Amino acid sequence: MSRFLSEKFQQIIPYVPGEQPSDTRYIKLNTNENPYPPSPQCRKIMQEIPSNIQLYPDPELKGLREAIARYFNVKPQCVFVGNGSDEVLAFAFQAFHDDEEEICFPDITYGFYKVFADLYRVSSEKIPLRSDFSINPADYRDCGKNIILANPNAPTGLCMSLSEIESILKSNRDSLIIIDEAYIDFGGESCIPLLKDYDNLLVVQTFSKSRSLAGARIGLAVSSEDIIEDLNKIKFSFNPYNLNRLSSMLAKASIEDDVYFKKCTREIINTREKTSEKLRLLGFEVLQSKANFIFTKHPKMKGQEYFNALKENGILVRHWNDASIQDFVRITIGTDEEMKALCHITKQIINNFSK
Ligand SMILES: Cc1ncc(COP(=O)(O)O)c(C=O)c1O
């Protein structure tokens, strides 16, 4: 730390992203990326890098926002696009909280919520999950604070129903409810249709997972015109050109290719179900995931031991040391082949452990 860092940032513990190894030695199942390439329409765009790259992109991202609006059947004024959904979430933490105002979220969830809260000096309350790791909607009813929930939650993969989310929206009419749907396309039900009845809802999604564009950094929000206007106020006070020209073309091509999108997400869901079943047969507890990852533990191995053994065998997954989840690892769903390799090596690891 230099002596110039502002005192207000000195205690912040930044988010630690999953490892991005520079060699290709690993089967990489650690950061919930999509194992399949993006839509062929995106690949076409990448082959013809835009010739007008010397010009700034459209700060309004008009064409892209219109395409997203058509996809979700909302007005373009109800759509915001950010540099990854992390940026959208960061803008929301900035925009909707005064000093000392509180936001609450589950004690086990996406680690960035706490980091954003600390960065933007929003006080945060962590609400415990149930013992089966599910979110209890009753804990959020009449809560009187802004709320952020990942649905499906990370890293558990458990998903709340639309009616559970509606019960939270209904009892907190004067608080903003942010639903982070980063993984919603893998079997959950989006709460975007609830926007017509609730003006306190902000839905955030990403192109990083189901649309295979993590490297292009594209996230979106859908909400009321007023809330989107507020997000734009922050964006235009920070970086009006937050999405580069190439990424905005890729995002538009992706959202307009529904056939490819559905095919890939279906494939990942099938692979997830097959892998979960195989791991259960090997004695693992696997939470019922609606995401492109599974959260799992084995009664005979510590999470760290399984993580290390997989890494020694060329497979990267994710493990956290927090007491309540340290027995678990999170495994991203790769291709069928990759998951077969995971199960094969896992079987060997368990056999070695039992000796
Ligand atoms: C729950 C959740 N929300 C948001 C993000 C951020 O995604 P991105 O910034 O790539 O859109 C992630 C990334 O892993 C996530 O797990």
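The values are calculated or read from the model by the stated rules, or taken from the named source; none is laboratory data. As the structure is a computational prediction, the values presented were derived from the model and not from experiment. Positions of Cβ are backbone-derived with ideal geometry, glycine not excepted, and every protein chain shown enters the neighbour counts.
Can you name every residue in the range 214-226 that is farther than 19 Å from K62 by Cβ, in a helix (DSSP H, G or I) and in contact (Cβ under 8 Å) with a residue 40 or more places away in the chain?
A214
More than 12 Å from the ligand (Cβ to nearest atom) and assigned by TED's automatic domain parsing to the domain that holds N146, is that true of S224? Show your work before the answer.
Working: more than 12 Å from the ligand (Cβ to nearest atom): yes; assigned by TED's automatic domain parsing to the domain that holds N146: yes.
Considered against the rule, which asks whether it is more than 12 Å from the ligand (Cβ to nearest atom) and assigned by TED's automatic domain parsing to the domain that holds N146, S224 comes out as yes.
Of all residues in the range 180-204, which are within 8 Å of the ligand (Cβ to nearest atom) and either in a strand (DSSP E or B) or aromatic (F, W, Y) (or both)?
Result: D180, Y183, V204.
So which of R43, R3 is more than 22 Å from the chain's Cα centre (by Cα), without any contact (Cβ under 8 Å) to a residue 12 or more places away in the chain and closer than 30 Å to G314 by Cβ?
After applying the criteria, what remains is R43.
Given (1) assigned by TED's automatic domain parsing to the domain that holds Y56; (2) surrounded by fewer than 19 Cβ atoms within 10 Å (Cβ to Cβ); (3) within 18 Å of the chain's Cα centre (by Cα), identify the lone condition not met by Q288.
Of everything listed in (1) assigned by TED's automatic domain parsing to the domain that holds Y56; (2) surrounded by fewer than 19 Cβ atoms within 10 Å (Cβ to Cβ); (3) within 18 Å of the chain's Cα centre (by Cα), Q288 misses just condition (1).
Being within 14 Å of Y36 (Cα to Cα) and among the aliphatic types (A, V, I, L, M) is the filter here; which residues of the range 260-286 pass it?
Residues satisfying the conditions are I268, I269.
Those residues that are aromatic (F, W, Y) and over 22 Å from the mean Cα position of the chain (by Cα), I need them from the range 310-355; list them, please.
If the condition is that a residue be aromatic (F, W, Y) and over 22 Å from the mean Cα position of the chain (by Cα), then F353 is the only one that fits.
Look at Y241 and say whether it is assigned to a loop (DSSP other than H, G, I, E, B) and surrounded by fewer than 21 Cβ atoms within 10 Å (Cβ to Cβ).
Here the answer is yes, as Y241 does meet what is asked.
Take the residues of the range 158-175 that are of a type in the set (A, V, I, L, M, F, W, C) and either under 22 Å from N73 (Cα atoms) or at pLDDT below 95 (or both): which is farthest from the chain's Cα centre (by Cα)?
The first filter runs over the range 158-175 and keeps only residues of a type in the set (A, V, I, L, M, F, W, C), leaving 158-160, 162, 165, 168-169.
Those still in the list that are either under 22 Å from N73 (Cα atoms) or at pLDDT below 95 (or both) too: 162, 165, 169.
Working: L162: 18, I165: 17, L169: 21 Å.
Applying the filter and picking the extreme gives L169.
Of all residues being touching a Lys or Arg at 6+ places or on another chain (Cβ under 8 Å) and surrounded by 14 or more Cβ atoms within 10 Å (Cβ to Cβ) in the range 337-355, which is nearest to I27 (Cα to Cα)? Just the residue, please.
Applying the filter and picking the extreme gives M339.
Which of the numbered conditions does K126 fail, given that it passes all the others? Conditions: (1) free of Cβ contacts under 8 Å to residues at least 24 places away in the same chain; (2) in contact with a Ser or Thr (Cβ under 7 Å, 6 or more places away or on another chain); (3) outside any helix (DSSP H, G or I); (4) within 16 Å of the ligand (Cβ to nearest atom).
Condition (2) is where K126 drops out.
Residue-wise test of (1) under 30 Å from R266 (Cβ atoms); (2) at pLDDT 95 or above; (3) assigned by TED's automatic domain parsing to the domain that holds I269; (4) in contact with a Leu (Cβ under 7 Å, 6 or more places away or on another chain).
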site: I184; (1), (2), (3), (4): yes, yes, no, no
site: E189; (1), (2), (3), (4): yes, yes, no, yes
site: L201; (1), (2), (3), (4): yes, yes, no, yes
site: R217; (1), (2), (3), (4): yes, yes, no, no
site: N239; (1), (2), (3), (4): no, yes, no, no
